[in-house]
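S.K.: Pasting a structure below so you can have a look.
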Amino acid sequence: MNWRRTWYLIKSDIWRRAINNGYPRKTRSFAQAALSPSALAGTLFRLQHYFASNNLSIFAKIIAVANIILFSVEIGSKCAIDEGFCIGHANGIVIHDRTRIGKNCTIMHQVGLGLKKLDAPGENDFTVLEDDVLVGAGAIVLGPLTIGQGSIIGMNSLVMHSAPANSLIAGCLAKIIRTITEEERAPAEKMQRTWEKRPSCSLKETLLFIREDLINRARTDGKPFTRSAYLRLFLNPPALAVVLFRFCHWLDGHGLTFLVKLFNGINVIFFKTEIGAKACIDGGFVVLHCNGVIINNQTKIGKNVVFAHHNTVSIGPRKDMDPGNDFVTIGDETFIGAGARIIGNLTIGSNCIVAMNEVVRHSAPDNTILVKGKNIPRPLEQDNKTEVKDDAPERINPISWRETKGLIKADIQRRALCEGKKPGFYYYSKIILNPPVLAVLLYRLSHYFRRREWNFTAKILYIMNNLLFSVEIQSLAQIGPGLILNHANGILVHDRSIIGKNCTLVFQNTLTVGPHAEETRCHDYIVVDDDVIIGAGAKIIGPVHIGNRVIISAKSVVTKDAPEDALLFGIPARVVNRRRF
């Protein structure tokens, strides 16, 4: 790969992004598109690929680590990507070395492209996307397979089989829904965006919104709201991400476009959150975890709405838009579960719950639960419900530095063994350029300081892990030796998690005891036994007990206990025959 070819690929990527955004073909448009986070992530990959192909592996590795830290984008250096490559949003993308991507392909956020084999791949094992393929947000494609030219993969799909050209693929496990016609493949007519003319938000109103956000955040966390919440704000990345959005919204109302883009860039790079400055969001807005929340400009959100993480709110393809209803509307007191996507010109009523990994394409009335494509009436809360008191808090037993060093050593040795390498001095010296190992190291140190009741130091290390690697393993989570994170990307592990020896988390995994911390009890735990593999995008919501040697398939949502040696698949997950996969 020579520099001339690399520069041509960079220009083709940026020009395609500029054209997709509706910019005229001018130098200024090229510069605007080139400075967007998604284009910068693509450019970093092109430079990484150039250095790797010219045997300058140290520079390629440095650029790869920078791409992971800045944009949460991990693309293998040996991955072959043709011209016109477009990243929808630079957030949570993982692409394996053995992937081949054709011309003018589009990859949306939180997409994983790789192989389903756990052992070493064969010589001809590749995941191939032919020309003009669109991969929707949250989709996981596990080869070896070939996706034909002009195909579209739906949001949150799990694709494990090849598909012919012009296929619409969706579902978990994904199936070919139908063939895309030539009329649908033709570029849609550009529609004029008609923004509602709203009065600009004053600074006083913005500060009142921030106060309401913090009050609802305290309520969601089960804590009283006090003045100290303003001081704790600087140690709460999700709350800071919401504050940055509020100031973006205020600046946009006053026409300060440059500052809006600057604040948006800070939100994307540091908090992996991208909320359109024109989105109309009422007070009490809460993002539980600042990881992968993407909200379009054309969005109206009511009071006290809570987003978990890895959520998408978008109006969908422009040609499907209703000019009279160019918005996604979400009512008051609604909870959006982890991994849920909302797409289309639709309205979700008040007091609703959107389930984990759900893709919402239709409107829903008030007081409903949206799960498996259905609207289920939400049971009304009983006024005479007896309050369940928490048990007495457990005493935190200290851990010695010697034990912590032993756990770190076991983690690194198991990773080296899985990579077929010897864990000698040279391997240890390369840890600084290995984000997954660094993420585990930061967790171990945070756990050590928290168990020694050095709470402030533990909190700082936890925040560093969150901001640098999008990994939120809370300090009191108990994890045995031999922990492996395949990719430092979108990992969330709750305090009340007990994980055994030699467990593997791939990426975008969630282990939580419930949607709100106030609903937990001291006896509620997620228990994961030894040698468990949690696939890409899989989520566990407890309290549950997962037995030894269990494999949880990609995109699964586990809500019940699982026996030993089981393969879990589906939403909700169930035990299936291993031969199916």
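S.K.: Out of Arg25, Arg17, report the one residue that is touching a residue at least 60 places away in the same chain (Cβ under 8 Å), in the same structural domain as Ile62 (by TED's automatic domain parsing) and not aromatic (Phe, Trp, Tyr). Lay out the reasoning, then the answer.
M.R.: Values: Arg25 fails: touching a residue at least 60 places away in the same chain (Cβ under 8 Å).
Among Arg25, Arg17, only Arg17 is touching a residue at least 60 places away in the same chain (Cβ under 8 Å), in the same structural domain as Ile62 (by TED's automatic domain parsing) and not aromatic (Phe, Trp, Tyr).
S.K.: Okay, moving on. Confirm whether Phe209 is modelled with pLDDT of 95 or more, of a type in the set (Phe, Trp, Tyr) and within 25 Å of Ile343 (Cβ to Cβ).
M.R.: Working: modelled with pLDDT of 95 or more: yes; of a type in the set (Phe, Trp, Tyr): yes; within 25 Å of Ile343 (Cβ to Cβ): no.
Answer is no for this residue.
S.K.: Does Asn91 fit the bill of being surrounded by fewer than 22 Cβ atoms within 10 Å (Cβ to Cβ), in the same structural domain as Gly150 (by TED's automatic domain parsing) and not charged (D, E, K, R)? Even if it seems obvious, please write down each step before you answer.
M.R.: Details: surrounded by fewer than 22 Cβ atoms within 10 Å (Cβ to Cβ): no; in the same structural domain as Gly150 (by TED's automatic domain parsing): yes; not charged (D, E, K, R): yes.
So Asn91 does not fit the description; no.
S.K.: Which of the residues that make up region 500-523 are of a type outside the set (S, T, N, Q), under 22 Å from the mean Cα position of the chain (by Cα) and at pLDDT 90 or above? Show your work before the answer.
M.R.: Residues of region 500-523 of a type outside the set (S, T, N, Q): 500-501, 503, 505-507, 511, 513-519, 521-523.
When the remaining residues are screened for being under 22 Å from the mean Cα position of the chain (by Cα), the result is 503, 505-507, 511, 513-517.
Cys503, Leu505, Val506, Phe507, Leu511, listed by residue number.
S.K.: So which of Glu83, Glu74 is of a type in the set (Asp, Glu) and either closer than 27 Å to Arg341 by Cβ or touching a His at 6+ places or on another chain (Cβ under 9 Å) (or both)? Steps first, answer last, please.
M.R.: Details: Glu83 fails: either closer than 27 Å to Arg341 by Cβ or touching a His at 6+ places or on another chain (Cβ under 9 Å) (or both).
None of the other options fit; the residue is Glu74.
S.K.: Report, by residue number, each residue of region 8-36 that is closer than 21 Å to Leu262 by Cα and surrounded by 14 or more Cβ atoms within 10 Å (Cβ to Cβ).
M.R.: Within region 8-36, Ile14, Arg17, Ala18, Tyr23, Ser29, Phe30, Gln32, Ala33, Ala34, Ser36 qualify.
S.K.: Sticking with this structure for a sec: Take the conditions more than 22 Å from Lys303 (Cβ to Cβ), surrounded by fewer than 16 Cβ atoms within 10 Å (Cβ to Cβ) and in contact with a strand residue (DSSP E or B) (Cβ under 9 Å, 6 or more places away or on another chain) and apply them to Gly344. Does it pass? Quick ask: steps written out before the conclusion?
M.R.: Working: more than 22 Å from Lys303 (Cβ to Cβ): yes; surrounded by fewer than 16 Cβ atoms within 10 Å (Cβ to Cβ): no; in contact with a strand residue (DSSP E or B) (Cβ under 9 Å, 6 or more places away or on another chain): yes.
Spelling it out, it is not the case that Gly344 is more than 22 Å from Lys303 (Cβ to Cβ), surrounded by fewer than 16 Cβ atoms within 10 Å (Cβ to Cβ) and in contact with a strand residue (DSSP E or B) (Cβ under 9 Å, 6 or more places away or on another chain).
S.K.: Can you report the number of residues in region 466-495 which are assigned to a strand (DSSP E or B) and closer than 16 Å to Asp529 by Cα? Let's see the steps before the verdict.
M.R.: The initial filter retains those residues of region 466-495 that are assigned to a strand (DSSP E or B), namely 471-473, 478-479, 484-485, 491-493.
From the residues that got through so far, the ones that are closer than 16 Å to Asp529 by Cα too are 478-479, 484, 493.
Residues flagged as assigned to a strand (DSSP E or B) and closer than 16 Å to Asp529 by Cα within region 466-495 amount to 4.
S.K.: If you don't mind, there's one more thing I want to ask. Pick from region 426-463 the residues that are of a type in the set (Lys, Arg) and under 17 Å from Ile412 (Cα atoms): which of them is surrounded by the most Cβ atoms within 10 Å (Cβ to Cβ)?
M.R.: Top of the filtered list is Arg444.
S.K.: While we're here: Return a yes/no flag: does region 298-314 have any residue that is more than 28 Å from Pro572 (Cα to Cα), out of contact with any strand residue (DSSP E or B) (no Cβ under 9 Å at 6 or more places or on another chain) and not assigned by TED's automatic domain parsing to the domain that holds Ser72.
M.R.: Scanning region 298-314 turns up at least one residue that is more than 28 Å from Pro572 (Cα to Cα), out of contact with any strand residue (DSSP E or B) (no Cβ under 9 Å at 6 or more places or on another chain) and not assigned by TED's automatic domain parsing to the domain that holds Ser72.
S.K.: Then there's this: Cβ-Cβ below 6 Å, separation at least six or inter-chain, first residue in region 249-271 and in contact (Cβ under 8 Å) with a residue 60 or more places away in the chain, second outside any helix (DSSP H, G or I) and buried (at least 16 other Cβ atoms within 10 Å of the Cβ): which pairs?
M.R.: Val268/Glu274; Phe271/Cys290
S.K.: Any idea which of (1) under 20 Å from Cys201 (Cβ atoms); (2) assigned to a loop (DSSP other than H, G, I, E, B); (3) not acidic (Asp, Glu) is the one Gly222 doesn't satisfy?
M.R.: Of (1) under 20 Å from Cys201 (Cβ atoms); (2) assigned to a loop (DSSP other than H, G, I, E, B); (3) not acidic (Asp, Glu), only one is false for Gly222: (1).
S.K.: Starting from region 222-241, keep only residues that are assigned by TED's automatic domain parsing to the domain that holds Phe270 and touching a residue at least 12 places away in the same chain (Cβ under 8 Å), then list their pairs with residues that are surrounded by 12 or more Cβ atoms within 10 Å (Cβ to Cβ) and polar (S, T, N, Q) whose Cβ atoms are within a distance under 7 Å, requiring at least 6 positions of separation or different chains.
M.R.: Going by the 7 Å Cβ cut-off, the qualifying pairs are Pro237/Asn466; Ala241/Asn267; Ala241/Thr273.
S.K.: Moving on. If we scan region 243-266, do we find a residue that is under 23 Å from Ile473 (Cβ atoms) and buried (at least 23 other Cβ atoms within 10 Å of the Cβ)?
M.R.: no
S.K.: Only one of these is of a type in the set (A, V, I, L, M, F, W, C), touching a residue at least 40 places away in the same chain (Cβ under 8 Å) and either touching a Phe, Trp or Tyr at 6+ places or on another chain (Cβ under 7 Å) or assigned to a helix (DSSP H, G or I) (or both): Ile432, Ile498, Ile463. Name it. Before the answer, list the steps.
M.R.: Details: Ile432 fails: touching a residue at least 40 places away in the same chain (Cβ under 8 Å); Ile498 fails: touching a residue at least 40 places away in the same chain (Cβ under 8 Å).
None of the other options fit; the residue is Ile463.
S.K.: With the checklist (1) more than 27 Å from the chain's Cα centre (by Cα); (2) on the phi > 0 side of the Ramachandran plot in hand, flag the one item Thr206 doesn't pass.
M.R.: Exception for Thr206: condition (2).
S.K.: Which of the residues spanning region 40-67 are aromatic (Phe, Trp, Tyr) and closer than 24 Å to Gly84 by Cβ? Outline the logic, then answer.
M.R.: In the first step, residues of region 40-67 are kept if they are aromatic (Phe, Trp, Tyr); the result is 45, 50-51, 59.
Across region 40-67, the qualifying residues are Phe45, Tyr50, Phe51.
S.K.: For Ile62, all conditions in the list (1) buried (at least 16 other Cβ atoms within 10 Å of the Cβ); (2) modelled with pLDDT of 95 or more hold save one; what is the number of the exception?
M.R.: (1)
S.K.: Next question, about the same structure. Which condition number does Leu142 fail, the rest of (1) surrounded by fewer than 21 Cβ atoms within 10 Å (Cβ to Cβ); (2) out of contact with any Cys (no Cβ under 8 Å at 6 or more places or on another chain) being met?
M.R.: (1)
S.K.: Name the single residue that is surrounded by the most Cβ atoms within 10 Å (Cβ to Cβ) among those in region 97-107 being at pLDDT 95 or above and not polar (S, T, N, Q).
M.R.: So, considering only residues that are at pLDDT 95 or above and not polar (S, T, N, Q), the one surrounded by the most Cβ atoms within 10 Å (Cβ to Cβ) is Ile107.
The values are calculated or read from the model by the stated rules, or taken from the named source; none is laboratory data. Model, not experiment: these values are computed from the prediction. Glycine gets a Cβ as well: all are built from the backbone with ideal geometry, and neighbour counts include every protein chain shown.
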